[in-house]
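The values are calculated or read from the model by the stated rules, or taken from the named source; none is laboratory data. Treat the numbers as computed from the prediction; the structure is a model and nothing was measured. Cβ: placed from backbone, ideal geometry, glycine included. Neighbour counts: every protein chain shown.
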Amino acid sequence: MILDFFLQAGLNDAIIGLWPMIAILIVFYFFMIRPQQNKAKEQDNFMENLKKGEDVVMSCGIVGRINKIDEQFITLETANKTFLKVTKNAISKEMTESIFKPIIQKED
């Protein structure tokens, strides 16, 4: 019964009508979803490789040096004997690289 409907309506017309939607989904995947997944993976790798003594920037813009690393928290020294306990997710890879990479490149 359903097959008869498609044969009467024209199976080719139904498939041709779906092509724009399929194309939109493919473009959406490659330009929106996949880059976001790669960005999240880079942020996770960055957070796993943090070490004591590194200078980092929080997503809110606070700059500090890592003093202690726990499972979920990091203690930052923001000034002389001033410490902030923050979650690991608060450390931003993009902001850290944008502030500290130009400094490292100038020293080279």
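Residues in segment 29-60 that are of a type outside the set (S, T, N, Q) and touching a residue at least 24 places away in the same chain (Cβ under 8 Å): Glu42, Phe46, Met47, Leu50, Asp55, Val56, Val57, Met58, Cys60. The selection criterion, being under 16 Å from Gln43 (Cβ atoms), surrounded by fewer than 16 Cβ atoms within 10 Å (Cβ to Cβ) and at pLDDT 90 or above, holds for Thr87. Hey, any hits in segment 90-101 for a residue that's surrounded by fewer than 13 Cβ atoms within 10 Å (Cβ to Cβ) and in a strand (DSSP E or B)? No.
Restricting segment 1-43 to residues that are modelled with pLDDT under 90 and among the charged types (D, E, K, R), the residue that is farthest from Leu76 (Cα to Cα) is Asp4. Does segment 69-79 include one or more residues that are part of a helix (DSSP H, G or I) and either farther than 15 Å from Leu50 by Cβ or among the charged types (D, E, K, R) (or both)? Taking every residue of segment 69-79 in turn, none turns out to be part of a helix (DSSP H, G or I) and either farther than 15 Å from Leu50 by Cβ or among the charged types (D, E, K, R) (or both).
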